[in-house]
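Have a look at the structure below, then the notes.
FYI, it's all coordinate maths here, none of it is from the lab. Quick caveat, the model's predicted, so the values are computed rather than measured. Ideal geometry is used to build each Cβ from the backbone, glycine not excepted, and the neighbour counts take in all protein chains shown.
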Amino acid sequence: MTRTNLMAGTILASALATGAAAQTELSMWYHGAGNEVESEIINRIVGDFNESQDEWEVSLQSFPQGSYNDSVIAAALAGNLPDILDVDGPVMPNWAWSGYLQPLPIDESLIENFLPGTKGEWNGELYSIGLWDAAVAMVTRQSYLDQFDIRVPTLEEPWTLEEFDAALVKIKESGEFAYPLDLGMAWTGEWYPYAFSPFLQSFGGDIVDRETYSTAEGALNGDAAVEFGEWWQSLFERDLVPGTSQDPADRDNGFVEGKYAISWNGNWAALNILNEYGDDTLFLPAPDFGNGPVIGAASWQFGVSATSEHPEGAAAFIEFALQDEYLAAFSNGIGLIPPTESAAEMTENYKEGGPMAVFYELSESQAKLRPVSPGYVVAAKVFEKALADIANGADVQDTLDAAVDEIDADIERNQGYGH
Amino acid sequence: MSRSRLTQSNRAGWTMALPGFGLIAVFIILPFFFAFGLSFTNQRLISPNPTEWVGFDNYRQLMGVGVLTLEPERDDAGAVIRDEDGAIEYPRLRGFTRGNPDYAHLDGMREWTSWQWGEDRVVLLARDVVFMKAVVNTLTFVAVVAPVQAGLALVLALLINQRLRGINVFRTIYFMPVVVSIVVVSLLWRFIYDGNDGLLNNLLSAITFGAFEPVDWLGNPDTALPAIMAMSIWQAVGFHMVIWLAGLQTISPTLYEAAEIEGTSRWQTFRYVTWPGLRNTAVLILIVITMQAFALFAQIDVMTGGGPLDSTQTIVFQAVERGYGKQDISGGSTISVLLFLLVLTISLIQRYLTRERN
Amino acid sequence: MAQIDPSNRGLRLAVRYAVLVLIAVIFIFPLVFMVVSSLKPDQQLLSDTGSLRAFLPVGDISLDNYAAAFQRAPVGLFIFNSVLVTAVTVVLALLVCSLAAFAFVFLEWRGSGLLLSIILATLIVPFETIAIPLLLIVNQLPWIGLDGFTTGWLNSYRVQILPFVADGLTIFLFVQYFRDLPRELIEASRVEGASWWMIYRRIVMPLSGPVLATAAILKFLVMYNQYLWPLMVVQEEGYRPVMVDLQYFFQLNRAWGEIMAYLSLITLPVLAFYFVLQRAFISSIASTGVKG
């Protein structure tokens, strides 16, 4: 008898407890482990959110960026996804298609003014939103350009292919630098598609045919792509760019140390350079290789997992994090582009006249998303390998053909990836 | 041993062996059969599409090969066209392998290797060239590392087998790399092999008084695999040295004394006294090294990622990249099954060649 | 043998030592590089790699990198995880495998030959080939623990331990060793009415010092240095072992000094374990591995 009483009592008590809205815990995964600046900011946001209301409590788990995607996939297999997770922009369609994410139940008016690159949309629905956008630019010093009598390109009048190429050759001939241009071949992984597919697109090609997303034929191995491939290969043959065996330490510090004259680098690495060279630093737009200059877009964004039982709570957190002060904090901390103009005004680098303000305009006018498709995960790896192989001297047409075949086969095996 | 009531005990036997066997069954045998089964499907790591049975498709995709003979390009007069270097020009393979209905069986294949045959060029094509290269690289690695590592280990064991003061210190030092993780070793050796300022280049430069040109060891397709071989041997040789040492120390000293009395040379002593006593050890070492060599993965993952130009692709690396990186579990499983068959074949051959001829 | 000329002898001795020392240098220099580099600040570390200074603790020496490494990642936790997982696996492995080997060697029971052959056949299967199917399997396995009945073993200690407790190589080592033990001892005890378990515990195990040490060291090395499996099955920080977390140090702007410090820290337990057990280990290989 006492036992049933005890059980009844427990059930009653727990019912009361849940009814009384004890804080519901929301789990969240973030990719910033090991990165002190990012960790500090995200912890602050979580702390502020938890304090600002009583209903939800977010607990944060950090992962090192390198293994973050693998961790999420393994967790998805186990049915163990957190409520809130962040996802790299181009990967988001794959996760949405695979059923990891659910559409974001946030108030869309909040993000009306956000840069297009920060919004993750798939199949007509919004799945993720980013607290920043990332861009790439040609980083160099005014003094270098003056020394070699090279014109400073502007957004309206970027360098042409001939101009850019000639400039590189001139710098090379002076013998003052180890290499005229640093493309960052040491950063294997997502950097390659992110930083280099814009070049391909500017030549007129693309990773996949964006009309149908069902093949890469013609886009990745057509005439424009081959032209790009041959120019790409020539950069390494002419010793204008350090190749695939570049030391990562050189990529991180080479420009600052004076080894390279120009660096094709992202704005997350820009702070370092600004600190070293101050006003002499120039962030230049990408060259126009024939079809208009292009840079990449979309970085890490927040989403809600499909298995989350509290999407409203997750949405509440994300809406909270979208406030201007946090957008500005991230921008000041890691140098990335804030998604709104109002946030930009609050930052040191992106406000009107700030040293990196040009990135904001670049992102607005030149940014092009990587192919929005679940097949991107495989296509990116294939593209990366193709670029590395061409850089190492493989036949351009054959390599591109092989890449196309692999991407096509993968799309077919997945029944078109839901397009 | 004769069967007796004293040794027969079904229940105790099964009880004692069950935990061990059970664990192995669940964690090794079961996954293996699972992999075998998966290789006949199109299973993805995770996907909303249902899994389908595809039969031998995956195997065909991996192992498909073809041969094509190319005739040289001829001009209108029928003479062979040559380019600036004097080499004969041939039509591009694309014309045959991409959408050419006359050569449907070659569709999608790529060139693996080719050679001259008179005026023609014979091209060996493969459906998955990267996998083929991985197989060749792995076999090369095994074929070189097994004898070299075993041989070096033997030499070191002979050196350590001397009666010198403090010889144990040397033995400890030679074994130390074995204890360090291969991941740590790979990271350290990246510094050593660095093309610009690496320790190896600097050392060679210093020794030759600047005559040596720095080599980009890991960035050059010709030197990448040998570099990894050298590093792998460096790491593991101490382990096999110790095994040889144990074998050496079981050889009865009386045999050595007899040899000394008869005045045999050092080489003869080795050949007739030492070597026969080491036979069993040699077999064990060879088998262990071979199996370890086939599992080449961590060094590639940390140092080269399979490049440059696929010169360091290995079978296990391909299996992991395909299964986990490209989310194609069925492809990864197929490669695993093929690897197992390969290792099995080679192990059986080894056992056959080294069997005791009693 | 020729007359031993004292001066000749001294020279030959010197030559022998010289050769041994030269080889020792080859084996030890990367480790020296690692430890010495961990004491230097990043800039100096990178510039020193161009010269002999890479091996010398000169310049701006300090333990700063170690402090920074602890700041960047919970190094202590990772080392604890690795040591815990490794120790538990080793102990369980010695128990389970020796038990099984005991049964195969000393007892007669139906199916023992078949089972042993199957187990030895698994020696051929490289781990990486079954890693992915194992991942899928492990994800479905049930477990009864503090949380009650749960399925899925990801992010736990057991997923890092249990798949590796029993393996063909360890069982093989024990089988080889047990086969060489004197049978009369066993037979005599059986005649006196001892149960198998008693024989296992009181007679065979105490005699097995060498093989226990060998198996322990081999298992320890494999478990501590694991890379692929933990990468796939453990995502939560709380359970991560040491090798996977190298990633923490490979963010943008790699801090090579901290990386060297971290590498030195994680190599330390293994070296310690090795130094302590090496005498037993090396003498034990003599008794076990060789009999072919």
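Return C:SER82, A:SER67 ranked ascending by Cβ neighbour count within 10 Å, so the fewest neighbours appear first.
Least to most surrounded, the residues fall as A:SER67, C:SER82.
Relative to the compact-globule scaling 2.2 N^0.38 Å, provide the ratio for the alpha-carbon radius of gyration of the protein assembly as shown. Mind dumping the intermediate values first?
Details: Rg = 31.7 Å, N = 1069, 2.2 N^0.38 = 31.1 Å.
Cα Rg divided by the expected 2.2 N^0.38 Å: 1.02.
So which residue, out of C:THR267, C:THR122, C:THR89, gets the largest mean-square fluctuation from a GNM of chain C using Cα contacts under 10 Å as springs? Comparing C:THR267, C:THR122, C:THR89 in the GNM, the peak value goes to C:THR122. Figure legend: label point modelled 7 angstrom from the Cα of A:ASP279 along Cα→Cβ; residues of segment A:353-392 with amide N under 19 Å from it are A:353-358. Relative to the Cα centre, the charge distribution of the protein assembly as shown, modelled as +1 at Lys and Arg Cβ and -1 at Asp and Glu Cβ, gives a dipole magnitude of about 8440 debye. Peptide A:246-252 is shielded by partner chain Cβ atoms: per residue, an average of 6 of them sit within 10 Å of its Cβ. Mean-square fluctuations from a GNM of chain B, with a 10 angstrom spring cutoff on Cα atoms, peak among B:LEU278, B:LEU68, B:LEU152 at B:LEU68. At each listed q (0.15 Å⁻¹), what is the log10 of I(q)/I(0) that the Debye formula gives for chain C modelled as equal alpha-carbon point scatterers? Computed log10 I(q)/I(0) values: -1.21. Computed from Cα atoms, the angle from the helix B:253-262 axis to the main principal axis of chain B rounds to 90 degrees.
Per-residue 3J(HN,Hα) values for segment C:23-33, derived from phi via the Karplus relation 6.51 cos²θ - 1.76 cosθ + 1.60 with θ = phi - 60°, read 5, 4, 4, 4, 7, 10, 4, x, 5, 4, 4 Hz in sequence order (x marks Gly and Pro).
Shown here for segment B:142-233: trypsin sites (Lys or Arg not before Pro) in loop regions (DSSP other than H, G, I, E, B) with at most 10 other Cβ atoms within 10 Å, namely B:ARG163, B:ARG165.
Over segment A:91-133, what is the relative contact order in whole percent, taking alpha-carbon pairs under 8 Å and six or more residues apart? Write out the running numbers ahead of the final one.
Details: 36 pairs, mean separation 17.4, N = 43.
Dividing the mean separation by the residue count of segment A:91-133 yields 41 percent.
With +1 assigned to the C-beta of every Lys and Arg and -1 to the C-beta of every Asp and Glu, and no other charges, what is the dipole magnitude of segment B:65-126 about the Cα centre in debye, to the nearest 20? The partial results should precede the final answer.
Working: 7 positive and 13 negative charges, 75 e Å.
Roughly 360 debye, rounded to the nearest 20.
Phi angles of segment A:74-79 translate, via the Karplus equation with coefficients 6.51, -1.76, 1.60 and θ = phi - 60°, into HN-Hα couplings of 4, 5, 4, 4, 7, x Hz per residue; Gly and Pro are given as x. How far, in degrees from 0 to 90, does helix B:329-353 lean away from the longest principal axis of the Cα atoms of chain B, to the nearest 10? Compared with the principal axis, the helix lies near 50 degrees.
When you filter the GluC sites (Glu not before Pro) in segment A:124-185 for DSSP loop state and at most 16 other Cβ atoms inside 10 Å of their Cβ, you are left with A:GLU156, A:GLU176. Result for chain A in a Gaussian network model with C-alpha springs under 10 Å: among A:PHE148, A:PHE317, A:PHE283, the largest mean-square fluctuation is at A:PHE148. In this structure, the amide hydrogen of B:SER311, modeled 1.01 Å from its nitrogen in the peptide plane, lies closer than 5 angstrom to no residue at least 5 positions away or on a different chain. In this entry, chain B is assigned a mean projected area of 31.6 nm², taken as a quarter of its C-alpha convex hull surface.
Sequence-ordered 3J(HN,Hα) estimates for segment A:268-277 from the Karplus curve with 6.51, -1.76 and 1.60 and θ = phi - 60° stand at 6, 9, 6, 4, 4, 6, 4, 4, 7, 10 Hz, glycine and proline given as x.
Among the listed pairs A:LYS119/B:LYS326; A:LYS381/B:LYS133; B:LYS133/B:LYS326; A:LYS259/B:LYS133; A:LYS259/A:LYS385; A:LYS119/A:LYS381, give every one whose C-alpha distance is greater than 30 Å. Exceeds cut-off: A:LYS259/B:LYS133. Around the amide H of A:GLU57, modelled in the peptide plane, lie the amide H atoms of A:THR24, A:GLU25, A:LEU26, all under 5 Å away and 5 or more residues distant in sequence or on another chain.
Once amide H atoms are placed 1.01 Å from N in the peptide plane, what residues at a sequence separation of 5 or more from A:ARG141, or on another chain, have their amide H within under 5 Å of its amide H? For A:ARG141, the qualifying residues are A:LEU282.
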